[in-house]
Amino acid sequence: MYVAVKGGERAIDNAHQWLAEERRGDLSIPELTIPQIREQMKLAVNRVMAEGSLYDPDLAALAIKQARGDLIEAVFLIRAYRTTLPRFALSNPVDTGTMAVDRRISATFKDLPGGQVLGPTFDYTHRLLDFALMAEGEAPSGTPPTPINPLERGAPLVPHVTGFLDRDGLIETEPATDTTPPDLTREPLELPADRALRLQAITRGDEGFILSLAYSTQRGYGRTHAFVGELRIGRVAVEVDIPELGFAVEIGEVELTECETVNQFKGSRTEPPQFTRGYGLVFGQSERKAIAMSLVDRSLRWNELGEDFTGAPAQDAEFVLYHCDNIQATGFLEHIKLPHYVDFQAELELVRGLRAEAQAQREAAE
Amino acid sequence: MIEDQTAARKGWMSLLAKAPPDRLAALLPDLPDHALVRSPESGSVMVRGRIGASGGPFNLGEITVTRCSVRMGCGTVGHAWVQGRDKAHARRAAVVDALMQTEAAAGLRASVLHLLAAEADQARATRAAKAAATKVDFFTMVRGEDA
């Protein structure tokens, strides 16, 4: 138990002032601007938006600056800010089929309509430090994009890969419904959690935690035999029903990463053998997270697919959902460094008492 | 007719919402007199996705949004909902929404909306061209022992 303490105001003020100085660092080095962070630390910004569960690149960049680059602290700042915003509406579900794709790859089909588009990827780089970036040089000029068929200009048609399998009945269908999903920002997370609620928790969950869980399924702890059916990154429009008008308007765009896995499934009493699906959808260009999310999503579906529970962590909804939120985790973890003097005093008394008792027994025995 | 009007209004409201705020301000620096029916206010919209891209909805996360409603001298009301926290952007978009319902529409379409649409198209095409330049064909190699 944490008991409130008084005093220490001056020390706290001084600590905060020093924190501000340390954040700024050497004054002879130019100060970072929010646009610099937003444009040049984009993947950090994306991670803070995804785990902060608020898509606003400027705010995420500000949070990163204020948090001195501590991304979990930045997520904390964004979560706290989010609670101050009045909720105007729910969007209509985004249509990732109409995404203007920067990247779209499939590990299951090499020839597919819309093609394999690598986009700005780290894949196939040599992971060698590029010292040219250290010598403050000019912006990379690069070769201009190869001219392409004018018919391909604009947003090309990029159908979902799972649609091909769907057509042949080789994969479970995912029929559209319009039920209102539960919202863990409005109601406490309770179990059993349906798939919609699980996806909301995982998409804002800690990337490292979700990654490790996904990896554990690949190593055999709840194996799901996943293939990346499709991974796509790009922009989709956000459409909202405007109450004062009575119709829907596209009010903006978000960049999303979507991963659909195709998984082996031997069939069950009610279902013929077919492929099953795992799904990941994350704010920003967050490829590792989206793949990991789709693996963990699939793993958590063991019950609805009639599979065995093997006791693997990634199959255990309570374990996954109650531990994936890094703000909850860090809040509880870090609170133990705050004064626990009264608690500890009680423990101290107890141990002293037990020791005295043991000592007395030993002496009586001798 | 009503449907056409609705479609047209959806189109310009969306264009105004997605326009870079600085660009809109540069194209329309001075706003005609108007009264605020609802002052610009910032909040959030919960963005939803679909399970497996096609199934039931789930909550993905929120975006910041600013909304504003204005009334012009002639009584025409304009509304705006724009992504982000830029109050001037929402106000300017609401004024344009109102003006687009008046005889000023043709002028604005030519001087503002067509430009914004062309620039948005250009930006999309540039990005699509960059993506298309990274399109690859993977070939399956025949393994030596199978040959």
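The values are calculated or read from the model by the stated rules, or taken from the named source; none is laboratory data. Note that this is a predicted model, so its numbers are computed, not measured. No Cβ is skipped: glycine too gets one built from the backbone with ideal geometry, and neighbour counts run over all protein chains shown. Ligands, DNA and RNA are stripped out before the accessible areas are found, and what is left, the full protein with its side chains, is counted by its heavy atoms. Shrake-Rupley method; radii C 1.70, N 1.55, O 1.52, S 1.80 Å.
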Single condition A:GLY222 does not satisfy, out of (1) buried (at least 24 other Cβ atoms within 10 Å of the Cβ); (2) at positive phi; (3) in contact with a strand residue (DSSP E or B) (Cβ under 7 Å, 6 or more places away or on another chain): (3)
Residue within the range A:77-90 that is modelled with pLDDT of 90 or more, open to solvent by 80 Å² or more (accessible area, probe 1.4 Å), within 26 Å of B:ALA133 (Cβ to Cβ) and not in a helix (DSSP H, G or I) present: no
Matching option when the condition is at pLDDT below 95 and either out of contact with any Phe, Trp or Tyr (no Cβ under 7 Å at 6 or more places or on another chain) or more than 12 Å from chain A (Cβ to nearest Cβ) (or both), among B:ALA94, B:ALA90, B:ALA8, B:ALA80: B:ALA8
Filtered residues of the range A:20-55 (kept if of a type in the set (A, V, I, L, M) and surrounded by 12 or more Cβ atoms within 10 Å (Cβ to Cβ)): A:LEU32, A:ILE34, A:ILE37, A:MET41, A:LEU43, A:ALA44, A:VAL45, A:VAL48, A:MET49, A:ALA50, A:LEU54
Condition broken by A:ASP241, with the remaining ones in (1) buried (at least 17 other Cβ atoms within 10 Å of the Cβ); (2) in contact with a strand residue (DSSP E or B) (Cβ under 9 Å, 6 or more places away or on another chain) satisfied: (1)
Breaking point among (1) open to solvent by 40 Å² or more (accessible area, probe 1.4 Å); (2) part of a strand (DSSP E or B); (3) basic (Lys, Arg), for B:ARG48: (1)
Residue identified as hydrophobic (A, V, I, L, M, F, W, C) and open to solvent by 50 Å² or more (accessible area, probe 1.4 Å) among B:ALA17, B:ALA53, B:ALA26, B:ALA8: B:ALA26
Candidate set from the range A:1-10 (those that are more than 32 Å from the chain's Cα centre (by Cα) and within 27 Å of A:ALA346 (Cα to Cα)); member that is modelled with the lowest pLDDT: A:VAL3
Residue under evaluation B:GLY61, criteria (1) at pLDDT below 95; (2) under 30 Å from A:GLU172 (Cβ atoms); (3) buried (at least 17 other Cβ atoms within 10 Å of the Cβ), criterion not met: (1)
Sole exception among (1) at pLDDT 85 or above; (2) closer than 17 Å to A:CYS259 by Cβ for A:ALA132, by number: (2)
Out of A:VAL45, A:VAL75, sole residue that is of a type in the set (Val, Ile, Thr), touching an Asp or Glu at 6+ places or on another chain (Cβ under 7 Å) and touching a residue at least 40 places away in the same chain (Cβ under 8 Å): A:VAL75
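Yes/no matrix, rows are residues, columns are (1) modelled with pLDDT of 95 or more; (2) in contact with a Gly (Cβ under 7 Å, 6 or more places away or on another chain); (3) over 15 Å from A:GLY278 (Cα atoms):
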position	(1), (2), (3)
A:GLN200	yes, no, no
A:THR203	yes, yes, no
A:GLY208	yes, no, yes
A:ALA214	yes, no, no
A:LEU231	yes, no, no
A:ARG235	yes, no, yes
A:PRO243	no, no, yes
A:GLU255	yes, yes, yes
A:CYS259	yes, yes, no
